[in-house]
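Heads up, the thing below is written out as structure tokens.
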Amino acid sequence: MGRPDNERVCRYRSVADGAIQLFAPAQIASMLQETGFAMDLTRVVGPIILACAILYAIPATAVLGAILVTGFLGGAICAHVRIGELGSPPEIVSLLLGAMTWGGLYARDPHIRAILPLIR
């Protein structure tokens with residue numbers, strides 16, 4: 001069975017985000033600064049995002065990757081709430097990506113469906 005499309009979107013988006021942070025840090029640095037983070041954190045955040053995406057893409061470590069991706073996205077949401085941007089586009093995108101991450105894993109992994117049944 002192939003991977004659900006929403007799972008591919010999450011994986012590609014995470015890889016793209018990590019790559020942008022590694023190869024175009026100046027563009028991301030201003031956004032980090034707006035949320036109260038130091039501009040030089042792009043060198044740290046980029047590899048972390050890429051590692052999370054790689055773990056999520058590998059079937060044997062997909063659950064760990066989903067947990068880490070969700071934690072990263074939750075941190076992004078928290079940073080925007082902290083500066084008063086409740087309901088901002090980055091928050092909504094992060095929320096949707098987190099839901100898609102787990103939705104894709106739920107759709108392809110019977111173990112996840114057994115742990116989190118929607119209907120009993």
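The values are calculated or read from the model by the stated rules, or taken from the named source; none is laboratory data. In this text the structure is predicted, and so the values were computed from the model without any measurement. Neighbour counts are summed over all protein chains in view; Cβ atoms, including those assigned to glycine, are modelled from backbone coordinates with ideal geometry.
Looking at (1) modelled with pLDDT of 65 or more; (2) under 12 Å from the mean Cα position of the chain (by Cα); (3) surrounded by 14 or more Cβ atoms within 10 Å (Cβ to Cβ), find the lone condition where residue 75 falls short.
If we test residue 75 against (1) modelled with pLDDT of 65 or more; (2) under 12 Å from the mean Cα position of the chain (by Cα); (3) surrounded by 14 or more Cβ atoms within 10 Å (Cβ to Cβ), just (3) comes out false.
Kindly evaluate residue 81 against the criterion of being over 20 Å from residue 55 (Cα atoms), of a type in the set (Val, Ile, Thr) and part of a helix (DSSP H, G or I).
For residue 81, the condition - over 20 Å from residue 55 (Cα atoms), of a type in the set (Val, Ile, Thr) and part of a helix (DSSP H, G or I) - is met.
Report whether or not residue 63 is more than 25 Å from residue 33 (Cβ to Cβ), part of a helix (DSSP H, G or I) and β-branched (Val, Ile, Thr).
Numbers: more than 25 Å from residue 33 (Cβ to Cβ): yes; part of a helix (DSSP H, G or I): yes; β-branched (Val, Ile, Thr): yes.
For residue 63, the condition - more than 25 Å from residue 33 (Cβ to Cβ), part of a helix (DSSP H, G or I) and β-branched (Val, Ile, Thr) - is met.
On the basis of being surrounded by 13 or more Cβ atoms within 10 Å (Cβ to Cβ) and under 15 Å from the mean Cα position of the chain (by Cα), does residue 42 make the cut?
no
Could you list, in sequence order, all residues of segment 55-72 that are surrounded by fewer than 18 Cβ atoms within 10 Å (Cβ to Cβ) and without any contact (Cβ under 8 Å) to a residue 24 or more places away in the chain?
Scanning segment 55-72 gives 58, 59, 60, 61, 64, 67, 71.
From the list 25, 4, 59, which residue is at negative phi and either at pLDDT 85 or above or out of contact with any Lys or Arg (no Cβ under 9 Å at 6 or more places or on another chain) (or both)?
The unique qualifying residue is 59.
For segment 83-120: of the residues being loosely packed, with under 11 Cβ neighbours inside 10 Å and closer than 16 Å to residue 31 by Cβ, which is modelled with the highest pLDDT?
84
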